[in-house]
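Written below as structure tokens is the structure these notes are about.
The values are calculated or read from the model by the stated rules, or taken from the named source; none is laboratory data. Just so you know, these numbers come straight off a predicted model, no measurement behind them. Backbone-built Cβ (ideal geometry, glycine too); neighbour counts: all protein chains shown. Accessible surface is based on the protein model in full, side chains and every heavy atom, while ligands, DNA and RNA are left aside. Shrake-Rupley method; radii C 1.70, N 1.55, O 1.52, S 1.80 Å.
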Amino acid sequence: MKTESKKEYDLIVIGAGSGGLAAAQRAAEHKQRVAIIEMGQLGGTCVNRGCIPKKIYWYAAEFAYDLKHSNTLGFETNDFKHNWQTLQQASKQYIKKLNDMYRKNLSQKNIEIITGNASFQSSKEISVGGVLLTAKQIIIACGATPVVPDIPGAEFGITSDDFFELKNKPNKTIIVGSGYVAVELAGILNALGSDTKIVARKNSILRKFDQSIQSSVIDYLVESGVEVSLNTDVLSVKENNNQLLVQTNNKDHTSVDALLWAIGRKPLVSDLGLERTQVTKDKNNFILVDQYQTTKDPNICAIGDVVGNHELTPVAIAAGRILSDRLFSDKEKEWLEYKNIPTVIFAHPPVGTVGMSEEEARAVYGNKVKIYEANFVSLRHSLIGVSSKAMVKLVCLGKEEIVIGCHIVGQGADELLQGFAVAIKMGAQKKDLD
Ligand code: FAD
């Protein structure tokens with residue numbers, strides 16, 4: 001490799017997403033000379049094509065839902081219209097504000113932003129656009145990217161990244177997948193008036209979550225008009241006159257405007273030059289780290305989605321901050337505990353969940369597990385004629401009935417969860433919640 005110059009730092013961070021930004025800024029607070037390398041926009045997935053635009057579109061969907069049902073309480077909103085491009089502009093403007101804010105914060109902390117694609121030359125050397133950078137410590141925070149399957153015509157589909165770039169709302173959409181991204185984007189499209197179908201390969205959706213969450217969310221989706229097709233595999237996609245013909249194993253030949261792949265995410269590691277380091281990966285290419293986020297190469301740590309453990313923004317941020325505290329301050333023994341991490345699914349209504357599902361708890365503790373579950377139609381839904389049920393479930397352990405899982409589907413579950421998560425982390429018993 002031909003290099004033009006060589007620059008030295010205490011820390012180089014690859015990737016300016018949730019994890020990388022947090023690690024870089026905390027290291028700079030500890031007076032380290034830091035460079036952060038980013039090949040795209042500052043803020044990474046969460047800010048540019050994940051949590052932030054998703055939440056903005058979710059708010060739009062919630063407004064649409066309220067408008068649609070508000071005539072029950074006397075509002076005359078039968079002919080309301082929605083402008084997709086206005087929504088997209090609002091989202092882009094907000095994202096731009098965050099991009100600028102990150103740039104300002106980094107520069108105030110004297111962190112050097114280097115634009116380009118980083119590649120390891122050795123354990124302590126990174127090349128970017130012909131420049132060689134060296135540091136005692138390197139953090140990989142490269143994130144992940146959507147998976148597209150290897151089937152004929154897969155390229156006609158879009159991913160969640162492309163969803164936020166759509167100039168117009170598709171009138172008819174198939175979303176392939178069963179995880180939270182599939183459920184959230186289906187809810188948004190449906191509420192904003194797209195004829196929406198979820199196609200899932202197995203016999204349920206949200207299969208990593210408690211069974212009661214799965215059934216409650218399916219009920220709400222179906223009642224709101226989303227078709228949910230289970231045990232269904234997409235075999236091929238063909239394009240004809242701006243329409244996609246989607247063939248499945250159920251001999252379906254559905255014609256749609258858009259097909260969205262939401263079948264999982266893979267770590268962004270293929271161009272990193274890891275073969276020139278001692279870093280190792282698992283069978284799905286996620287980087288292997290110990291509890292201190294250190295790879296098999298002592299100079300290199302990894303955080304966030306690229307290690308494939310609870311792929312969420314607050315987790316990446318916490319891992320980044322704790323790691324920089326450990327590396328550059330006297331908190332040498334600090335590490336992030338990946339346990340009881342609360343998660344929200346922005347469905348309609350939202351889902352809040354923390355701790356073990358009933359199935360996980362029974363597999364570990366057998367008949368020491370006791371379940372408390374309530375299902376009911378909320379007053380709000382009852383008023384507007386929705387019959388799907390909200391759900392609250394506590395998974396409790398032993399005679400003391402320590403709460404080891406809490407699962408909620410219903411209006412406000414997203415915010416409500418936070419208090420329960422704190423209580424569970426503090427070891428709450430069922431009687432405390434009574
Ligand atoms: P990222 O944020 O992905 O950042 C990695 C950065 O590294 C990227 O900017 C990339 O361009 C850069 N990069 C990669 N390789 C290189 C290279 N070789 N050289 C230079 N730069 C490189 N999480 C939540 O907590 N709540 C939510 O509501 C939520 N919603 C989501 C919705 C969607 C649709 C998606 C896709 C994700 C969502 N997430 C959500 C997950 C969240 O976005 C991620 O967990 C988080 O962004 C991970 O942060 P990270 O720092 O590991 O990676």
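When ALA421 is evaluated against the numbered criteria (1) under 21 Å from the mean Cα position of the chain (by Cα); (2) within 19 Å of ILE218 (Cα to Cα), which criterion, by number, is the only one it fails? Looking at each condition in turn, ALA421 falls short on (2).
Restricting the stretch 12-31 to residues that are under 20 Å from the mean Cα position of the chain (by Cα) and more than 7 Å from the ligand (Cβ to nearest atom), which is surrounded by the fewest Cβ atoms within 10 Å (Cβ to Cβ)? Out of the qualifying residues, it is ALA22. If you check every pair at least six apart or on different chains, which have Cβ atoms under 7 Å apart with a residue in the stretch 131-153 that is closer than 30 Å to LEU245 by Cα first and a residue that is among the aliphatic types (A, V, I, L, M) and within 13 Å of the ligand (Cβ to nearest atom) second? Here the result reads ALA144/LEU268; ALA144/VAL306; THR145/LEU268; VAL147/ILE263; PRO149/ILE263, each pair linking the stretch 131-153 to a residue that is among the aliphatic types (A, V, I, L, M) and within 13 Å of the ligand (Cβ to nearest atom). The set of residues from the stretch 295-310 being free of Cβ contacts under 8 Å to residues at least 60 places away in the same chain and either touching a Gly at 6+ places or on another chain (Cβ under 8 Å) or crowded, with 19+ Cβ neighbours inside 10 Å (or both) comprises just one member, VAL307. Annotation note: of VAL226, VAL217, the sole residue that is out of contact with any Phe, Trp or Tyr (no Cβ under 8 Å at 6 or more places or on another chain) and away from the ligand (no atom under 16 Å from the Cβ) is VAL226. Scoring THR313 on the criteria (1) of a type outside the set (D, E, K, R); (2) out of contact with any strand residue (DSSP E or B) (no Cβ under 9 Å at 6 or more places or on another chain); (3) open to solvent by 80 Å² or more (accessible area, probe 1.4 Å); (4) within 16 Å of the ligand (Cβ to nearest atom) leaves a single failure, condition (3).
Candidates GLY193, GLY157: the one that is within 20 Å of ASN242 (Cβ to Cβ), away from the ligand (no atom under 14 Å from the Cβ), surrounded by fewer than 18 Cβ atoms within 10 Å (Cβ to Cβ) and more than 16 Å from the chain's Cα centre (by Cα) is GLY193. Among residues of the stretch 161-179 being more than 20 Å from ALA64 (Cβ to Cβ) and part of a helix (DSSP H, G or I), the one that is least open to solvent (accessible area, probe 1.4 Å) is ASP161. Applying the condition of being closer than 20 Å to GLN137 by Cβ and of a type in the set (Val, Ile, Thr) to the stretch 32-48 and asking which residue is nearest to the ligand (Cβ to nearest atom) yields ILE37. Counting the residues of the stretch 133-154 that are more than 11 Å from the ligand (Cβ to nearest atom) and buried (at least 18 other Cβ atoms within 10 Å of the Cβ) gives 4.
When LYS238, LYS266, LYS283 are screened for being on the phi < 0 side of the Ramachandran plot, in a strand (DSSP E or B) and either of a type in the set (Asp, Glu) or more than 16 Å from the ligand (Cβ to nearest atom) (or both), only LYS238 passes. In the stretch 95-122, the residues that are in contact (Cβ under 8 Å) with a residue 40 or more places away in the chain form Cβ pairs under 6 Å with partners that are in a strand (DSSP E or B) and open to solvent by 30 Å² or more (accessible area, probe 1.4 Å), at six or more places apart or across chains, as follows: LEU106/ILE113.
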